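Novice: Starting off with a structure, shown below.
The values are calculated or read from the model by the stated rules, or taken from the named source; none is laboratory data. Please read these numbers as outputs of a predicted model, since none were measured by experiment. Here Cβ is always computed from backbone atoms with ideal geometry, including for glycine, and neighbour counts include all displayed protein chains.
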Amino acid sequence: MTFFYRCYHFILKCIITFIGIPNPRLYTGYSGFEQWLKTWDQNAPLLVVSDETLFNLGVLEHTLALIDKHKVPWHLYIDVLPNPTIDNVENGLSLYHAKQCAGLVAIGGGSVLDCAKMIAVRSVKPKKSIKQLKGLFKVLKKLPPLCAIPTTAGTGSETTVAAVINDPKAQTKYAITDFCLVPSDAILIAPLTQSVPNFITAATGVDALTHAIESYIGKIGTDFSNQQALAAIKLILNNLSTAYNQGDNLAARENMLLASFYAGQAFTRASVGYVHAIAHQFGARYGTAHGLANSVLLMPVLRFYGEKIFPQLADIADYCQLTQAGQSTQTKATILLDAIEQLLLALNIPNTLAEIRTTDIAEIAAAAMKEAHPDYPVPTFMNHAQCEVIIEQLTE
Ligand SMILES: [Fe+2]
């Protein structure tokens, strides 16, 4: 069976290497947004997609003022829920058509960005429902311009090929994956992340760290994805605890946005691994926040991989300048693992999750194995029993 999985991973790597995934144009700061606005046709209305919380907190104010300054007509859609639904997408699409919009600006976390991506998708696939679009390469069309402005540093959705939409009636989620879902433009504006509470800064930051590490240690990394992963990990190790302890530190905030973007570029090409496979089950079953679930699982899963990933961990440690000449691969790997553990401690990440019921462990492990195999190009395979052991470690 594992031979079949590796064949599948080889095919994935060929697709990613030879077809290539587009990158958004990258801008930074409000000045970057103005630069983007200067390229926009003043007769082409924009749909600004966000959520009510960000709107009420005043997070959108300056961005909207800049759109006005550049005399671009805009219409606001802020009904996106934390787990965006099919109705959120369809209502946004109705407004997009009613106002004859020609592009979108999405300002928010991963949910807002995913919803905006799917409004853009549905605008070019009017006859296909979101359910019909789930899976790989069902869109295959150029989308209208989408300017993605993340307000958290973690998901990397501003540069990824996927969107996840909830169907509350069927009590399920649909993941839509297609290269055309990569937004045309990404703008990283550090002041927009200043008001993010520190525990969310920690969890989303570790989500980005997990994207970078899982993509780097996996089997289908390319030169580009590996380079982006390394850059992300170094930025996170050097900036996350500062962003956590000093929310107003704009340099740390900007570095974390950049790290999240790089990590997004890495994992959208080289995928993720068992940390995500298990974390998604905690999210689905208990509503555990994605970043928190990853944070709790990161060390146990890395320790499970053991010496199989020591060479990659040693590379990362070297790149982050944590090592000295002459140290063994094992020593370097241990230095990196210790650095990650210290970071998690500094971020007050717990070692356990109170919501895990021991009676659920077998089902969670089964669902995680189903998600991981064959899709995730993990460095070494885990079986059901080993997965159960990891989950058991997280119970109180
Ligand atoms: Fe993630």
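Novice: Out of Tyr174, Tyr96, which single residue is modelled with pLDDT under 95, in the same structural domain as Gln35 (by TED's automatic domain parsing) and touching a strand residue (DSSP E or B) at 6+ places or on another chain (Cβ under 6 Å)?
Specialist: On the way: Tyr96 fails: modelled with pLDDT under 95.
Just one listed residue meets the conditions, Tyr174.
Novice: Something else: Being under 30 Å from Leu181 (Cβ atoms), in a helix (DSSP H, G or I), touching a residue at least 40 places away in the same chain (Cβ under 8 Å) and within 16 Å of the ligand (Cβ to nearest atom) narrows it down to one of Val296, Val272, so name that one.
Specialist: The match here is Val296.
Novice: Right, another one. Taking the criterion of being within 27 Å of Val161 (Cα to Cα), in the same structural domain as Glu371 (by TED's automatic domain parsing) and within 16 Å of the ligand (Cβ to nearest atom), would at least one residue in region 243-255 satisfy it?
Specialist: Checking region 243-255: not a single residue is within 27 Å of Val161 (Cα to Cα), in the same structural domain as Glu371 (by TED's automatic domain parsing) and within 16 Å of the ligand (Cβ to nearest atom).
Novice: Quick one: which helices (runs of 4 or more DSSP H) sit completely within region 22-97 and have at least 3 residues that are on the phi < 0 side of the Ramachandran plot, touching an Asp or Glu at 6+ places or on another chain (Cβ under 7 Å) and without any contact (Cβ under 8 Å) to a residue 40 or more places away in the chain? Please lay out each step first, then the result.
Specialist: On the way: elements: 29-38, 52-56, 61-69.
Output list is empty.
Novice: Can you tell me which of Gln312, Gln265, Gln342 is over 25 Å from Ile16 (Cα atoms) and away from the ligand (no atom under 13 Å from the Cβ)?
Specialist: Numbers: Gln312 fails: over 25 Å from Ile16 (Cα atoms); Gln265 fails: over 25 Å from Ile16 (Cα atoms).
Selected residue: Gln342, the only one of Gln312, Gln265, Gln342 that is over 25 Å from Ile16 (Cα atoms) and away from the ligand (no atom under 13 Å from the Cβ).
Novice: I'd like the full set of residues that are among the aliphatic types (A, V, I, L, M), more than 18 Å from Gln342 (Cβ to Cβ) and touching a helix residue (DSSP H, G or I) at 6+ places or on another chain (Cβ under 7 Å), limited to region 283-300.
Specialist: Going through region 283-300, the residues among the aliphatic types (A, V, I, L, M) turn out to be 284, 289, 292-293, 296-299.
Within this subset, residues satisfying the condition of being more than 18 Å from Gln342 (Cβ to Cβ) are 284, 289, 292-293.
Matches in region 283-300: Ala289, Leu292, Ala293.
Novice: Filter region 371-396 down to residues that are at pLDDT 95 or above and among the charged types (D, E, K, R) and give me whichever is surrounded by the fewest Cβ atoms within 10 Å (Cβ to Cβ).
Specialist: Once the filter is applied, the top-ranked residue is Glu392.
Novice: Oh, and also: So Val124 clears everything in (1) within 16 Å of the ligand (Cβ to nearest atom); (2) without any contact (Cβ under 8 Å) to a residue 24 or more places away in the chain except one condition, right? Which one?
Specialist: Of the numbered conditions (1) within 16 Å of the ligand (Cβ to nearest atom); (2) without any contact (Cβ under 8 Å) to a residue 24 or more places away in the chain, the odd one out for Val124 is (1).
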